[in-house]
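**Student:** So that we are looking at the same thing, I have put the structure below in structure tokens.
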């Protein structure tokens, strides 16, 4: 949900979307990002070595992960 995202910014020069999400320890979390036409996702990075499962369906990117600590998770999506 949108209130889980504490920070969100897009760097046009680097073509990177960055954010910080609130996570609950042990609960699955999913980011849902609209990817505009002409863009394609190159990579997704999460803090603390968290593993992400990335899927695309048309213009929708989903990124699933589970935090074991419940601390905020910083993420970067490169286009």
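FYI, it's all coordinate maths here, none of it is from the lab. Since this is a predicted model, take the numbers as computed values, not measurements. Positions of Cβ are generated from backbone atoms using ideal geometry, with glycine treated the same way; all protein chains shown enter the neighbour counts.
**Student:** Simple spin-label model, 7 Å along Cα-to-Cβ: residue 7 to residue 66 in nm?
**Tutor:** 2.7 nm
**Student:** Using the 10 angstrom Cβ neighbour count as an exposure proxy, how do 39, 65, 3 rank, fewest first? Present the calculation step by step, with values, prior to reporting the outcome.
**Tutor:** Details: 39 14, 65 19, 3 6.
Arranged by neighbour count, lowest to highest, 39, 65, 3 become 3, 39, 65.
**Student:** Multiply the residue separation of residue 14 and residue 39 by 0.36 nm, subtract the distance between their alpha-carbon atoms, and state the gained length in nm to one decimal. Before the final figure, lay out each step's value.
**Tutor:** On the way: separation 25, 0.36 × 25 = 9.00 nm, distance 1.27 nm.
Result: 7.7 nm gained on full extension.
**Student:** Moving on to the next point. Report the relative contact order of segment 2-78, percent, no decimals, based on alpha-carbon pairs under 8 angstrom and at least 6 residues apart. Spell out each step's value before the answer.
**Tutor:** Values: 152 pairs, mean separation 30.5, N = 77.
Reported relative contact order: 40 percent.
**Student:** What is the distance, in nm, between label points placed 7 Å from the Cα along the Cα-to-Cβ direction at residue 54 and at residue 32?
**Tutor:** Roughly 2.0 nm, to one decimal.
**Student:** Something else: If neighbour count is taken as other Cβ atoms inside 10 Å, put 10, 34, 29 in order from fewest to most. Display every interim value, and only then the final one.
**Tutor:** Numbers: 10 12, 34 9, 29 19.
Exposure proxy ranking, most exposed first: 34, 10, 29.
**Student:** Further question: Sorting 22, 32 on the 10 Å Cβ count, fewest up front, what's the list? Can you show the working numbers first?
**Tutor:** Working: 22 15, 32 9.
Fewest to most other Cβ atoms nearby, the residues stand as 32, 22.
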